[in-house]
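To start, the structure under review is shown below, and the notes come after it.
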Amino acid sequence: MTDLQVNSCDWYLSTNKTNHRTDVFDNSALILRRAQPFTITLNCNRPLQSGENLTFITETGPSPSEEKKTRTIFTLFENANQTSWSSVLTSSKSNALTVTINSPPDAVIGYYILRVSKKTDSTEEASPQPTGIGGFYLLFNPWSQEDDVFLADDKKLQEYVLNEKGVIFTGSHTDILPTPWNYNQFEKSILEICFAILDRSINYLKDPASDVARRNDPLYVCRVLNATLNSKDEDGVLVENWSGIYKGGVCPTIWNGSSLILKNWYFKGCKSVKYGQCWVYGGLLCTVLRCLGIPTRVITNFNSAQDKNSNLYIDVFYDHRGLRNESMQDMVWNFHVWNEAWFKRKDLDPAYNGWQVMDATPLEKSNGIYRCGPAPLVAIKEGDVDFNYDVAFMFASVNADLTRWTSRNGKKIKISNDTNFIGKRISTKAVGSDRRVDVTNLYKYPEGSMEERQVFEKAVDIILESPFLELDEKLFYFSKRGEQKPEAATILSGEFSFPEVPSLGQDIHVILSLQNMTSDNIKVTVNMTASSILYTGKHKHEIWADARIMPLNPNEVKHISIPLTYAQYKKYMDEDNLIRLTALCEVIGEEKHLLVEKDVMLVNPHITIKCPDEGKMKEEFKAEVIITNTLSETMDSCVLLVEGSGLIDGVIKKVLPPLKPEEKTEVVFSIAPIKSGSRALIVTFSCDKIKNIKSYHNITVAP
């Protein structure tokens, strides 16, 4: 009898991909999700005879092995098994065998080769065809209850796995700005790029077989990707830069999505792309994890602490004029962006399952490599700072205590201790809309509550009990606890205010109000500064400074008018548009200090987009962009960039004429959508005075 051979295989690409919710990928390969059956038909040279059987072999990675579960052998006529690779014959017609194959819920994700051979009895060795019958991608499956990434809510799955566009919140806690971001996780080549990123990790380069074998675990995959998306320890995807000087690359604010960055890295020899900042890393990691099947969202923390010495306390020092001393380690960012991914923590109690916090921005090392997380969100809220991974760092980011200091004659003087400044209005995009959702309550108990203070003290106690803590560090904690005593009665209070909204290109009128809170006459030395800063809180340039002595009668309020002209500040502005105002006030004779500080985000000129909210594929419609120059001088070198995944192929670039003050320009262009679904038209405007102003408009495209 002729040996049984498989001549061809029908992979039922459309049906299988639809059933596995992978039909959204712009990819001709079969893409499957683990713990879910798929069907193929083997076209053989003859019918299967009585007593004959088929053996299937799946292999993934560079050195497949049964020991590492990267190579699996299973036969056709066995009962279907939900915990291992298995197959059943669903129909047999002439030479065609239709087989349903199931993968286990803990299968390694990756690209698999499937081989088939004939087997006549239990003792005969299988001899697979050398080339196999084809291959497929296997991803995590958040729709399967058996998978560690299972998420029960269909609307959340639509948002955190399938949604290709989003909003990342930036700005400050008093002025939150929605920034559009295209994740494009299903765009052509992105899936291959995601696995290429894993293959560039330090772990893979050291031991490829072991690294691939561990890709069944979302915890492991997330930790590896956190390290490999930055370029610190290997040729990762993106180089970080907060200098304001972007020679050899591009300003991070130019990016509107992940795919261009990922493709630049991949198709240019896996050389790190220049440059990125925190929201870009957050967008990239969200793209990669959603592509691989892990539910992911982007989080923004306002007044975010960078606790470099890992002691849960942030100390900020000011000189006699009120300028911060940046030689000290700790920092407070106006905002910082990171990610949460949803999966079970098998290394911890089930109470810590769910959202896991991670930060791909390379700020600090974790076990010798620049990465952060995944830290269980529950552990951060409960102060379990001894849990893996990097819970203490993330806890400090949202709930550290902030102490402000100054000095006189070499003596350190405490200005204030603030227990509720760090971690404001922690935000993420809503499910199904661009609305902002505040998730601060998931990260910590309400500020000022007994529970919040108890958790903070618990976290400090855990660190104090560490056997690796040096004596001087223990003394530091005891001294810090002494500083938490209630403040003495307030002598002076103050605040900055603005009669009009501070707008870029206009003079800014600032008022500093000071009030004597006592029934005595006092004199106050007031040192005032205005400086441009980065969103990381770092000082850039001093714009203006003044000092004066102000007498205040009992309970009197006085107002100091501070004019900041556009001519004064314009050359110091960059894409962050941030000015820090400080007033360091000392009550003469009392040695009591008050620091009044406010970070002001200047409002950009407005971009208006006029176009339909709905459209149809390949049906053309008009879009109009209107830009008004609200600056007090002419805008030159004006450039408009228009892009939109699924709406426009590539980027439309328009060079515009100079715009005089109060003048506006209108640009009309045609759009014929090329993909259905929820899409975002993103407009970026730049000129010689300001870079990368953005606006966007959501469009739902019908098939």
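The values are calculated or read from the model by the stated rules, or taken from the named source; none is laboratory data. What you see is a predicted model, and the numbers here were worked out from it, not measured in a lab. In this analysis, Cβ positions are derived from the backbone assuming ideal geometry, glycine residues included, and neighbour counts consider all displayed protein chains. Each accessible area value is taken on the protein alone, full model and side chains, heavy atoms only, with ligands, DNA and RNA left out. Shrake-Rupley method; radii C 1.70, N 1.55, O 1.52, S 1.80 Å.
Summary table below
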quantity: Sulfur and carbon atoms: percent of accessible area, the chain [1.4 Å]; calculated: 49
quantity: Antiparallel DSSP beta bridges within the chain, percent to nearest 5; calculated: 90
quantity: Accessible heavy-atom area order of 470, 465, highest first, probe of 1.4 Å; calculated: 465, 470
quantity: Relative contact order (%) - the chain, alpha-carbon pairs under 8 angstrom, separation at least six; calculated: 8
quantity: With all protein chains modelled, accessible area of residue 268 [1.4 Å, Å²]; calculated: 130
quantity: Reachable aspartates and glutamates, given that their alpha-carbon falls under 15 Å from the alpha-carbon of residue 188 and they are not under 8 places away in the same chain; calculated: 23, 26, 164, 649
quantity: Partners for residue 68 among aspartates and glutamates (Cα-Cα distance below 20 Å; same-chain residues under 8 apart left out); calculated: 59, 106, 147, 148, 199, 207, 211, 217, 347
quantity: Computed helical MRE - 222 nm, the chain, DSSP H runs ≥ 4 contributing -39500 (n - 2.57), nearest 500; calculated: -4500 deg cm²/dmol
quantity: Cross-link partners of residue 414 among aspartates and glutamates (Cα-Cα below 15 Å; sequence separation of 8 or more within a chain); calculated: 315, 319, 401, 483, 487, 586, 590, 591
quantity: Per residue value of the accessible surface for the chain (all protein chains in place, 1.4 Å probe), Å²; calculated: 42
quantity: Surrounding net charge for residue 634, when Lys and Arg each add one and Asp and Glu each subtract one, Cβ distance under 11 Å; calculated: -3
quantity: Subset of 165/263; 268/653; 653/675; 274/616 violating a 26 Å alpha-carbon distance limit; calculated: 274/616
quantity: Relative contact order of segment 189-229, defined on C-alpha pairs under 8 angstrom at six or more residues apart (%); calculated: 45
quantity: Within the chain: Cβ-based charge dipole about Cα centre, in debye rounded to nearest 20 (Lys, Arg +1; Asp, Glu -1); calculated: 1160
quantity: Count of lysine pairs in segment 496-605 with Cα separation under 15 Å (8 or more residues apart, or interchain); calculated: 5
